[in-house]
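> Let me begin by handing over the structure; questions about it come next.
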Amino acid sequence: MSFDPFDFKHTLPVINEDSEFFPLMSTEDEEEMNNEQVPEFLPILPLRNTVLFPGVVIPITVGRDKSIKLIRDANKGTRMIGVVAQQDVNIEDPTFSQLHKVGTVALIVKMLQMPDGNTTVILQGKKRFVLKEEVQSEPYLKATIEPFKDVKAKEDKEFKAMISSIKDMAMSIIQLSPNIPSEAGIAIRNIESTSFLINFISSNMNADMAGKQHLLEVSNLRERANLVLEHLTLDLQMLELKNQIQTKVRVDLDKQQRDYFLNQQLKTIQEELGGNTPDLEIENLRQRAAKKKWNVEVKNHFNKEIEKLARINPAAADYSVQINYLELLLDLPWNEFTKDNFDLKRAQKVLDKDHFGLDKVKQRIIEYLAVLKLKHNMKAPILCLVGPPGVGKTSLGKSIAKALGRKYVRMALGGIRDEAEVRGHRKTYIGAMPGRIIQSIKKAGAANPVFILDEIDKVGNDFRGDPSSALLEVLDPEQNSTFYDHYVEMDFDLSNVMFIATANSLSTIQPALLDRMEIIEVNGYTIEEKIEIAKQHLLPKQREAHGLKTKDVVIKNDAIEKVIEDYTRESGVRGLEKKIGSVVRGIAKKIAMDEEHNTNVSKAEIEKILGAPIYDKDLYEGNDTAGVVTGLAWTSVGGDILFIEASLSPGKGKLTLTGSLGDVMKESAVIALAYIRAHAANFDIDPRVFDNWDVHVHVPAGATPKDGPSAGITMLTALVSAFTQRKVKPHLAMTGEITLRGRVLPVGGLKEKILAAKRANIKEIIVCQSNKKDITEIKESYIKDLIFHYVTDMREVINLAVLKEKVKEPLDLTIKDLKPALN
């Protein structure tokens with residue numbers, strides 16, 4: 001609906017032309033108006049932009065000469081005229097045929113001469129009529145008319161509900177529209193006549209001229225009411241949508257204005273309290289930037305980013321993101337280095353003091369320091385310390401940093417599955433942050449720290465990327481001078497960082513990553529070394545941790561050896577430290593409770609505190625049964641010995657393998673049996689045995705998965721021992737891979753295997769001739785009291801390992817006794 005205040009003032013029936021405000025038309029007024037006689041002839045006033053409805057009062061500005069003449073003549077006479085809308089609003093002087101056929105008889109209420117010279121006439125609609133014939137065209141149109149036939153609506157419940165809906169919808173439109181005065185609502189509420197209500201709303205609602213003319217021509221009141229309801233529904237929906245849009249815009253503008261005023265107030269309060277305003281904060285960043293030692297590229301990038309910050313509203317979410325980014329750039333140690341300590345003797349002392357043994361690693365660090373002392377711009381090496389748990393790989397990093405006088409940072413890689421952990425997230429993401437490499441460098445505060453990449457062999461990968469591939473750039477000396485972090489968006493030089501990776505196994509490390517690192521094996525410790533480590537490092541550490549003094553607890557060498565042999569089974573010293581901690585706690589408890597105790601802890605005291613021995617040393621000694629051979633194995637926690645057991649039973653030559661063996665180990669057993677079949681005569685075995693006796697090979701413990709080729713010669717020896725019923729030499733162990741031709745191939749992990757052999761009281765070890773070079777690299781103390789046999793062929797192994805005499809009991813399986821079974 002579109003009400004104008006001037007229109008509304010004259011939209012009501014009049015009593016006389018001197019009335020200033022017009023009362024509403026009552027039902028009696030409507031009946032009286034309907035009973036008025038309509039003349040046969042009427043002067044016709046064409047309307048260009050509006051439609052007059054019965055009972056409605058509208059002002060019309062008359063501009064055409066014909067229309068002015070018509071109004072003046074009619075005003076002097078009966079004041080009754082016919083008002084008809086023209087079909088085309090663009091025609092200046094419409095003819096009879098260019099008018100709509102249905103119009104309204106109008107009464108001239110008042111004629112006004114306006115100050116600008118125009119004539120305004122106020123008309124009140126009376127009754128509808130239909131044009132018949134044109135009577136005259138000059139000086140204005142005159143035509144014969146006949147009354148329009150109205151069809152009254154039956155006022156049932158449905159019609160009343162429709163009228164009520166029209167009223168309610170009209171009231172809603174008046175409330176929502178800011179241009180409609182509130183008096184219009186009062187007028188609508190007080191209209192009693194339903195037909196006048198429909199005419200009143202039809203005249204004022206927001207519809208085009210064609211729509212209003214259509215409503216005027218509808219004779220059925222119910223149908224006209226239905227059309228009005230449709231128009232009002234569309235108007236209401238449009239108004240509600242407009243109001244929603246305007247409210248949203250207004251709220252956004254109000255929020256911006258509110259934020260602006262609050263920020264201004266906050267700025268004033270901060271200035272009063274002496275706090276940092278956004279301008280002061282930016283100035284502080286500029287002052288910090290002036291002290292940085294960065295290159296032109298980084299400097300230009302920072303200036304560009306700080307200019308961007310100055311343009312951002314401090315209340316915006318991007319402001320804090322940008323602040324964090326700029327602070328990271330300032331916190332990173334661009335071209336800031338700690339001074340290296342080139343006192344090589346001091347560095348050697350620091351390394352020796354903190355770690356017992358590990359000579360190969362210490363030698364490599366001293367070499368690096370020596371070269372760096374001579375050539376100051378040498379790129380830092382990238383070392384990878386590989387060895388079983390508990391041998392001191394991670395703690396060695398701290399000692400290296402201490403020896404060099406550098407900062408120390410450690411990054412645990414175990415379980416990392418997201419590439420963004422290394423390279424960072426792009427700033428566009430919510431909660432973005434730099435990768436852990438950059439975070440660690442920032443934490444170190446220097447561009448040349450000792451950086452430990454712990455457990456590099458345990459890096460995972462999934463749909464989010466492969467972190468080990470991201471580490472390729474970090475660990476490549478040719479590339480890491482321009483390391484690119486997605487968050488920093490600038491190249492950072494990592495070439496001065498000394499990266500030291502640690503791993504338990506090389507098998508799970510990506511080959512390309514492995515190729516970039518210098519591999520240094522950190523092997524397990526001998527019993528003698530463990531005793532020294534316990535005395536020099538572990539025991540003092542545990543005493544301090546438990547609040548005891550040196551005099552309170554002393555553990556003798558034989559007692560420490562008992563702990564090592566009876567309560568631990570490892571290459572490192574982590575388990576040993578825990579057991580020594582238990583012993584120290586036991587003493588601390590007695591001291592705290594004022595109980596009698598012995599400060600010199602003996603072997604008997606050890607057993608009282610730790611309980612019965614966990615490991616039985618006798619389990620690892622001797623091969624008393626034919627078909628049982630001691631092998632050497634490498635595990636992620638160090639070396640170990642294992643038994644290969646072979647037994648025969650009557651059957652059809654079936655081979656059974658048990659003990660959770662992997663495919664490679666099963667293939668070794670198949671190769672060993674095939675070699676024995678092919679060379680049975682060399683071992684004094686009747687070939688018919690293979691078709692009449694089943695072979696069962698078992699490797700305890702059954703629940704532990706085992707795999708690898710190094711048990712090949714052990715399996716072949718066990719099978720020959722079982723078939724010939726000749727025992728294997730006691731205190732003998734072996735390791736090596738075999739081929740179908742009986743060749744013995746070299747294997748890895750020898751140091752761990754040798755240490756395991758020493759722990760098990762093994763005296764002799766058979767290895768491949770090609771492994772001799774590995775043995776020579778092992779410290780003399782590690783292989784003391786051990787005899788090594790170097791072989792190239794399996795016949796040499798059998799001659800060395802299998803004794804000449806045969807077992808008599810419990811079952812003789814010699815060729816002579818097998819003959820009845822074979823026949």
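> Residues of the stretch 48-61 being aliphatic (A, V, I, L, M) and open to solvent by less than 10 Å² (accessible area, probe 1.4 Å), which ones?
VAL51, LEU52, VAL56, VAL57
> Still on this structure, please answer the following. Do you know which of the residues in the stretch 138-149 that are part of a strand (DSSP E or B) and open to solvent by 20 Å² or more (accessible area, probe 1.4 Å) is nearest to ILE71 (Cα to Cα)?
LYS142
> To continue, here is another question. Please enumerate the residues belonging to the stretch 141-165 that are out of contact with any Asp or Glu (no Cβ under 8 Å at 6 or more places or on another chain) and farther than 30 Å from LEU232 by Cα.
GLU146
> So, one more: With LEU632, LEU648 as the choices, which residue is assigned to a strand (DSSP E or B), open to solvent by less than 20 Å² (accessible area, probe 1.4 Å) and either out of contact with any Ser or Thr (no Cβ under 9 Å at 6 or more places or on another chain) or not hydroxyl-bearing (Ser, Thr, Tyr) (or both)?
Going through LEU632, LEU648 in turn, just one is assigned to a strand (DSSP E or B), open to solvent by less than 20 Å² (accessible area, probe 1.4 Å) and either out of contact with any Ser or Thr (no Cβ under 9 Å at 6 or more places or on another chain) or not hydroxyl-bearing (Ser, Thr, Tyr) (or both): LEU632.
> Filter the stretch 371-409 down to the residues that are among the basic types (Lys, Arg) and surrounded by fewer than 17 Cβ atoms within 10 Å (Cβ to Cβ), then identify the one that is modelled with the highest pLDDT.
Ranking the qualifying residues of the stretch 371-409, first place goes to LYS398.
> Continuing with this model, one more query. Anything in the stretch 164-214 that is closer than 21 Å to ALA153 by Cβ and of a type in the set (Val, Ile, Thr)? List them, or say none.
Correct list: ILE166, ILE188, ILE191, THR194, ILE198, ILE201.
> Still on this structure, please answer the following. Considering the stretch 739-756 alone, what residues qualify as being outside any strand (DSSP E or B), open to solvent by 20 Å² or more (accessible area, probe 1.4 Å) and either of a type in the set (D, E, K, R) or under 15 Å from ILE787 (Cα atoms) (or both)?
ARG741, LYS751
> Now, a different point. Let me confirm something: among ARG410, ARG406, ARG426, which residue is outside any helix (DSSP H, G or I), free of Cβ contacts under 8 Å to residues at least 60 places away in the same chain, closer than 27 Å to ASP331 by Cα and basic (Lys, Arg)?
ARG410
> Working only within the stretch 424-444, note down all residues that are open to solvent by 40 Å² or more (accessible area, probe 1.4 Å), modelled with pLDDT of 85 or more and more than 13 Å from the chain's Cα centre (by Cα).
Within the stretch 424-444, ARG436, GLN439, LYS442, LYS443 meet the criteria.
> Then there's this: So if I check each of PRO705, PRO700, PRO687, which one is in contact with a helix residue (DSSP H, G or I) (Cβ under 8 Å, 6 or more places away or on another chain), open to solvent by 30 Å² or more (accessible area, probe 1.4 Å), without any contact (Cβ under 8 Å) to a residue 60 or more places away in the chain and not aromatic (Phe, Trp, Tyr)?
PRO687
> Pairs needed: first member in the stretch 69-86, among the acidic types (Asp, Glu); second member anywhere, surrounded by 16 or more Cβ atoms within 10 Å (Cβ to Cβ) and not in a loop (DSSP other than H, G, I, E, B); C-beta distance under 8 Å; at least 6 residues apart or different chains.
Final answer for the pair search is ASP73/PRO43.
> Quickly run through the stretch 345-368 and pick out the residues that are in contact (Cβ under 8 Å) with a residue 12 or more places away in the chain, assigned to a helix (DSSP H, G or I), open to solvent by 50 Å² or more (accessible area, probe 1.4 Å) and not charged (D, E, K, R).
Within the stretch 345-368, GLN348 is the sole residue that qualifies.
> Among the candidates VAL135, VAL105, VAL121, VAL109, single out the residue that is part of a strand (DSSP E or B), touching a strand residue (DSSP E or B) at 6+ places or on another chain (Cβ under 8 Å), in contact (Cβ under 8 Å) with a residue 40 or more places away in the chain and open to solvent by 70 Å² or more (accessible area, probe 1.4 Å).
VAL135
> Another question about this same structure. What are the pairs, 6+ residues apart or on separate chains, where a residue within the stretch 281-303 that is open to solvent by 90 Å² or more (accessible area, probe 1.4 Å) has its Cβ under 6 Å from a residue that is polar (S, T, N, Q)?
LYS293/ASN335
> Also, I was wondering about something else. Identify all residues within the stretch 668-684 that are in contact with a helix residue (DSSP H, G or I) (Cβ under 9 Å, 6 or more places away or on another chain) and not polar (S, T, N, Q); write none if there are none.
Those that are in contact with a helix residue (DSSP H, G or I) (Cβ under 9 Å, 6 or more places away or on another chain) and not polar (S, T, N, Q): ALA669, ILE671, ALA672, LEU673, TYR675, ILE676, ARG677, HIS679, ALA680, PHE683, ASP684.
> Another question about this same structure. Looking at the stretch 331-358 only, could you name the residues that are farther than 22 Å from SER495 by Cβ and among the aliphatic types (A, V, I, L, M)?
Passing the criteria: LEU344, VAL350, LEU351, LEU358.
> Report, by residue number, each residue of the stretch 429-462 that is under 21 Å from GLY397 (Cα atoms) and in a loop (DSSP other than H, G, I, E, B).
Once the filter is applied, which keeps residues that are under 21 Å from GLY397 (Cα atoms) and in a loop (DSSP other than H, G, I, E, B), the stretch 429-462 yields GLY445, ALA446, ALA447, ASN448, PRO449, GLU455, VAL459.
The rows are residues; the columns are (1) open to solvent by 20 Å² or more (accessible area, probe 1.4 Å); (2) free of Cβ contacts under 8 Å to residues at least 40 places away in the same chain; (3) farther than 24 Å from LEU755 by Cα.
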| position | (1), (2), (3) |
| --- | --- |
| PRO511 | yes, yes, yes |
| ARG516 | yes, no, yes |
| ILE519 | yes, no, no |
| LYS556 | yes, no, no |
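> Turning to a different aspect of this structure: Of all residues in the stretch 708-723, which are out of contact with any helix residue (DSSP H, G or I) (no Cβ under 6 Å at 6 or more places or on another chain), hydroxyl-bearing (Ser, Thr, Tyr) and open to solvent by less than 10 Å² (accessible area, probe 1.4 Å)?
Residues satisfying the conditions are THR714, SER721.
> When only residues in the stretch 24-67 that are touching a strand residue (DSSP E or B) at 6+ places or on another chain (Cβ under 8 Å) and of a type in the set (S, T, N, Q) count, which is modelled with the lowest pLDDT?
So the residue we want is ASN34.
> Those residues that are aromatic (Phe, Trp, Tyr) and open to solvent by 10 Å² or more (accessible area, probe 1.4 Å), I need them from the stretch 472-507; list them, please.
Within the stretch 472-507, TYR484, TYR487 qualify.
> Filtering the stretch 651-684 down to residues that are within 50 Å of the chain's Cα centre (by Cα) and among the small types (Gly, Ala, Ser), which residue is most open to solvent (accessible area, probe 1.4 Å)?
Within the stretch 651-684, the match that is most open to solvent (accessible area, probe 1.4 Å) is SER660.
> Could you identify the single residue in TYR487, TYR525 that is hydroxyl-bearing (Ser, Thr, Tyr) and either at pLDDT 85 or above or in a helix (DSSP H, G or I) (or both)?
Just one listed residue meets the conditions, TYR487.
Here's the yes/no breakdown for (1) in contact (Cβ under 8 Å) with a residue 40 or more places away in the chain; (2) among the hydroxyl-bearing types (Ser, Thr, Tyr):
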{"site": "ALA757", "(1), (2)": "yes, no"}
{"site": "ALA760", "(1), (2)": "yes, no"}
{"site": "ILE765", "(1), (2)": "yes, no"}
{"site": "SER781", "(1), (2)": "yes, yes"}
{"site": "ILE787", "(1), (2)": "no, no"}
{"site": "VAL797", "(1), (2)": "yes, no"}
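The values are calculated or read from the model by the stated rules, or taken from the named source; none is laboratory data. The model shown is predicted, which means the values in this text are computed figures rather than measured ones. Don't worry about glycine lacking a Cβ; one is built from the backbone with ideal geometry, like all the others, and counts go over all protein chains shown. Heads up: the accessible areas ignore ligands, DNA and RNA and are worked out on the full protein's heavy atoms, side chains in. Shrake-Rupley method; radii C 1.70, N 1.55, O 1.52, S 1.80 Å.
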